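Worksheet: one structure, shown below.
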Amino acid sequence: MKPRSKSEKSDALGTSFIKMTKNAERDPSLSAAYVCVAASGVLLLIASAVCFGPRPSAGVALGVVLAISNLWVLERVVRVYLEAERGRWALMALVKSTALFATVGLLVKTGAIDVLPLVAGFGALPVGVVLAGLWPVARPREERS
């Protein structure tokens, strides 16, 4: 029996995420997550501008930007992890977390941004991911042989 290649193994396991990384195509559910995170961020930003004014809105806007960029970096970390590049994914996750905490800590410590609006804006990430999970996504059918 001939040994299988990595792509054949991923096909046998039904892992479409590995194929996605090689074809540079984004999974429809991940695209839905980006749209839902951005949409919930815009809604939070509009609500904060109407209810609280410009300074808290700036904190919410920064939180939304951090949420979307965090989702983007998480996508890359998971991609590297699934491609099994030993140790590299752990380094990327450590750098991502360090950069996120350092940025937020610096902004809060200097008084540039208030904590609560920043957290509210970052809340767009879990809200958007949950909404994307509830949203039905049409997937292309794969041919079976």
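Quick note: the coordinates plus some simple rules give every number you see, no bench work behind them. Treat the numbers as computed from the prediction; the structure is a model and nothing was measured. Note that we place each Cβ from the backbone using ideal geometry, even for glycine, and neighbour counts take in every protein chain shown.
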- Regarding the range 49-106, what are the three Cα extents along the principal axes, ordered largest first, in Å? 47, 20, 8
- Message: Could you work out how much longer the chain between I46 and V95 gets when fully extended? Use 0.36 nm per residue separation minus the Cα distance between them, nm to one decimal.
- Response: 14.5 nm
- Message: Please compute the modelled spin-label separation between V35 and R76, points set 7 Å along Cα→Cβ, answer in nm with one decimal.
- Response: 2.5 nm
- Query: How big is Rg to Rh over the range 27-134, alpha-carbon atoms, Rh as the Kirkwood inverse-mean-distance radius?
  - Reply: 1.03
